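Down below is the structure, laid out as structure tokens.
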Amino acid sequence: MSELPLYPASPSNVPEGLTQATSSYKRQAWLAMLGLLAFMALYFSLLACFLLITYNSAMSLNEGTAGLWQLVIGVSSLLLSVFMIKSLFSVRKSGNPGGVELTQEEEPELYNFLHSLADEVGAPKPHRVFITPEVNAAVFYDLSLLNLIFPSKKNLIVGLGLVNVLNLGELKAVLAHEFGHFAQGSMMVGRWVYIAQQIIAHMVATRDWLDSIVRFISRIDLRVAWLGWILSLVIWAIRSLMDTLFRLVILAERALSREMEFNADLVAVSVTGSDALVNALHKLQVADEAWQTALNVASTEAGNGKILSDLFAAQKSAISAIGRVLDDEAYGKVPAKPAELDASQHRIFSKEMAKPPQMWSTHPENSDREDNAKNVYIPAEIDSRESWIVFSDPVELRNKISLSFYNSESIEEMESISPVEAVTQRFSKASYSPMYRGTYLNRSAVRNFSTVKDMLEAGSTKETAIQSIASLYPDSLSELLENARNLDQERSTLQALADGDLKPSGGVIRHRGKEIKKNEIPDAIAEVIEDRKAVANKLKMHDADCRVAHLQAAEELGLGWGSYLKSIIHLLHCAEHLSARIKNEQALLVNTWQVITADGQIGYFEKRRILNVCKQVQKEMHQMSSAALQLVLPEPIIKATGIEKWSEQCPQFDIAPVDKKNWPDWCQASSQIMNNLSYALDIIQSAALEELINTESKLAKYLRDSHETEPAPGPGQCPPKYPVLLPGEEHVLQRKLDFWNRFQLAHGFFPTTLRLFVSIGIVGGTIYGGFLGLF
């Protein structure tokens, strides 16, 4: 434990009123409140109408004046009332979010830290504290209908993947942001919206005993079944009406959420200065990737019977390893402020739209948050001590959380392996050497060429092989590769926004420093694609130059090296293209399945569509399975993969032909075979890439050092022709449902508007008819 006070000092020059709610904040809070109140008023008004119709019907029945029609109306209204009432009691307490709950007795220093922070920002102390392994920190609260009136107790989640990468000052800033939410009175709006959201979600999605009763009535004799049909239609209309109108409430709450995030950031600024939170944001982008890498390493080692007792050491090691691969010493570190620049003007994040870290994926863009934090610049020293000092026994806690990822019954049988050693082994591949500057990290060197011949013809050489090889992998390559990664992220973010998978904070979409509308996203994507093509062409030519330069060396050395190197290039090209083609067909199959089952029903035309896709996939898979079977692996690849008899071990697409009766089972079986074959090809591809890089390195060394050259291994073989898949030629998957499904699910403006008017008509007509039939 540090001899210094555990709680970091706060800045003393914070202007009064820094964290007060702005006029925009107050306006959005009122809009969200009014929207929610209007929605709840409509909900209870509908419920009151159905209850009144039920009551009047019961009175008529009691007085003996009710006929058959009044009885039918009364029973129907009663069922509709029950339908709406039972949804009100669907709210459930949040319970345990996962991870481990820490008590004050177990972690007194942590609680002292949190209580000091709560007191400083004027927030209530957390009721319960949970520790999870992820890169995350969040507020959550237990909810029930009582919490519409009484405040709920706030709980805090602290992710150790977050603690592991931040220093104490940065951790204080992140937690102060969360405590800033504790202190916000407008959180009650979010609480109410969340409760209402649970009610509507239960109403829209849950199918229970009431639906079973309605379905039962619908299947009785036609003289009775019509009542079930009408009830089904009215229930659908109520669900659709509530779902559609509540989306307007969500839009207002989302705009308020943006203001709340900015305000919570200023709370963090008030106790840590303007830089600590921004620095944390920058580190968390790297922390997400490193944490996933640590989990992947742990999964691989577990398959080999080995256990990593400290995943957080693996996460830290992964950050260093990825930095080495990229030949970037600054990877994962906060960029230093240029000496000539004023601190208030220094910016870490650019104005280009970038996806926030995973824990803040629904928050405003990083650049906006940095501008907000530095609008009134508060200088402050950032406590550089490790965040782990807030825990009484961090080693035991790290081990406890790490071991929770493993099957407790198998732990004793597993062999322990150093996390640093495991990560080092993962990144010890020759292709991950810093000299390649990340050229082979998560990208293909051959997929951009339809044939190996095209690749070799595209490359250029100098007079001698030594001269050709010496000009490869320049410093400028790092910048080109980083540009490619940024453009890929930019495109994926835009596509996620277009598909609705990612919601822009406050409903505002920003692209390259400008606000754009959703209908402008396709143009923005096209712009990014053009920029990416220009970068891809440069990298493509670089890949070709690398291959022909080393083939030039192989030809100069002789002893069969030219034939062997070409065979490895062919093997890599074939394995990568076949695997990509298989995954492309699998994506088409899965996408089609998701589309036809989107509304929970599969009609005649949808069944015909999936059958056509299955037949197309079946035809493609027979070609790819046949091509894969013709591979002959050279001895180095056999040793690296352990595949001694590929002709016997190659997964075969040998299931029965698809037909109208077996297509559901066929889809499942074929998907499993596609997984197996693409996995096997990926193993060969990985080994072929390593052998290619090792061979090229060996040939360059032979030339440089004038060593005696050994004969090349015997070459492998590939089929003369095989299916290929160039980037950009993938199946165009259906991102948008057909009109009927969009109408059912309220996707898109026109289908949503139409569903709203139809549901209003049905519900309004039902209520009108109910009162008309009784009076």
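Annotations for the structure displayed:
- For Leu47, the stated conditions hold: it is among the aliphatic types (A, V, I, L, M) and over 30 Å from Pro108 (Cβ atoms).
- Residue among Leu677, Leu681, Leu689 that is over 22 Å from Gln586 (Cα atoms), surrounded by 18 or more Cβ atoms within 10 Å (Cβ to Cβ) and within 29 Å of the chain's Cα centre (by Cα): Leu689
- Filtered residues of the stretch 381-398 (kept if farther than 17 Å from Asn112 by Cβ, part of a loop (DSSP other than H, G, I, E, B) and not acidic (Asp, Glu)): Ile382, Ser384
- Flag set for Arg324, criterion: assigned to a helix (DSSP H, G or I), more than 25 Å from the chain's Cα centre (by Cα) and basic (Lys, Arg).
- Meets criteria (on the phi > 0 side of the Ramachandran plot, surrounded by fewer than 16 Cβ atoms within 10 Å (Cβ to Cβ) and either modelled with pLDDT of 80 or more or not assigned by TED's automatic domain parsing to the domain that holds Ser408 (or both)) for Gly273: no
- Inter-residue pairs, beta-carbon under 8 Å, first farther than 16 Å from Ser706 by Cβ and free of Cβ contacts under 8 Å to residues at least 24 places away in the same chain and in the stretch 457-469, second acidic (Asp, Glu) and not in a helix (DSSP H, G or I), 6+ apart: none
- Taking the stretch 293-343 as the range and being in contact with a strand residue (DSSP E or B) (Cβ under 8 Å, 6 or more places away or on another chain) and surrounded by fewer than 17 Cβ atoms within 10 Å (Cβ to Cβ) as the test, the residues that pass are Gly305, Lys306.
- Residue match in the stretch 102-125 (condition: at pLDDT 90 or above and assigned to a strand (DSSP E or B)): yes
- Within the stretch 651-662, considering residues that are among the hydrophobic types (A, V, I, L, M, F, W, C) and surrounded by 18 or more Cβ atoms within 10 Å (Cβ to Cβ), the one farthest from His622 (Cα to Cα): Val658
- Helices (runs of 4 or more DSSP H) contained in the stretch 630-745 and holding at least 3 residues small (Gly, Ala, Ser): 663-705
- Members of the stretch 382-396 that are more than 28 Å from Ser10 (Cα to Cα) and either aliphatic (A, V, I, L, M) or touching a residue at least 60 places away in the same chain (Cβ under 8 Å) (or both): Val395
- For the stretch 292-309, the criterion of being under 20 Å from Ser404 (Cβ atoms), part of a helix (DSSP H, G or I) and charged (D, E, K, R) is met by at least one residue.
- Condition check for Tyr679: free of Cβ contacts under 8 Å to residues at least 60 places away in the same chain and either closer than 30 Å to Gln467 by Cβ or of a type in the set (Phe, Trp, Tyr) (or both): yes
Residue-by-condition table, conditions (1) farther than 30 Å from Glu178 by Cα; (2) in contact with a strand residue (DSSP E or B) (Cβ under 9 Å, 6 or more places away or on another chain); (3) aliphatic (A, V, I, L, M); (4) modelled with pLDDT of 80 or more:
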position: Pro5; (1), (2), (3), (4): no, no, no, no
position: Leu34; (1), (2), (3), (4): no, no, yes, no
position: Phe39; (1), (2), (3), (4): no, no, no, no
position: Tyr55; (1), (2), (3), (4): yes, no, no, yes
position: Ala66; (1), (2), (3), (4): yes, no, yes, no
position: Gln70; (1), (2), (3), (4): yes, no, no, no
position: Ser76; (1), (2), (3), (4): yes, no, no, no
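- Apart from one condition, Leu725 fits all of (1) at pLDDT 90 or above; (2) surrounded by fewer than 16 Cβ atoms within 10 Å (Cβ to Cβ); (3) under 40 Å from the mean Cα position of the chain (by Cα); the exception is (2).
- For beta carbons closer than 9 Å, sequence separation of 6+ or different chains, a first residue in the stretch 318-343 that is at positive phi and not assigned by TED's automatic domain parsing to the domain that holds Met435 and a second that is part of a loop (DSSP other than H, G, I, E, B) and among the basic types (Lys, Arg), the qualifying pairs are Asp327/Arg437.
- Criterion: in the same structural domain as Tyr679 (by TED's automatic domain parsing), free of Cβ contacts under 8 Å to residues at least 24 places away in the same chain and among the β-branched types (Val, Ile, Thr) - qualifying residue of Ile638, Ile610: Ile638
- Those residues of the stretch 22-33 which are touching a residue at least 40 places away in the same chain (Cβ under 8 Å) and either surrounded by 18 or more Cβ atoms within 10 Å (Cβ to Cβ) or part of a helix (DSSP H, G or I) (or both), in sequence order: Ser24, Tyr25, Gln28, Ala29, Leu31, Ala32, Met33
The values are calculated or read from the model by the stated rules, or taken from the named source; none is laboratory data. The shown structure was predicted, so the numbers you read here are calculated from the model rather than taken from an experiment. Ideal geometry is used to build each Cβ from the backbone, glycine not excepted, and the neighbour counts take in all protein chains shown.
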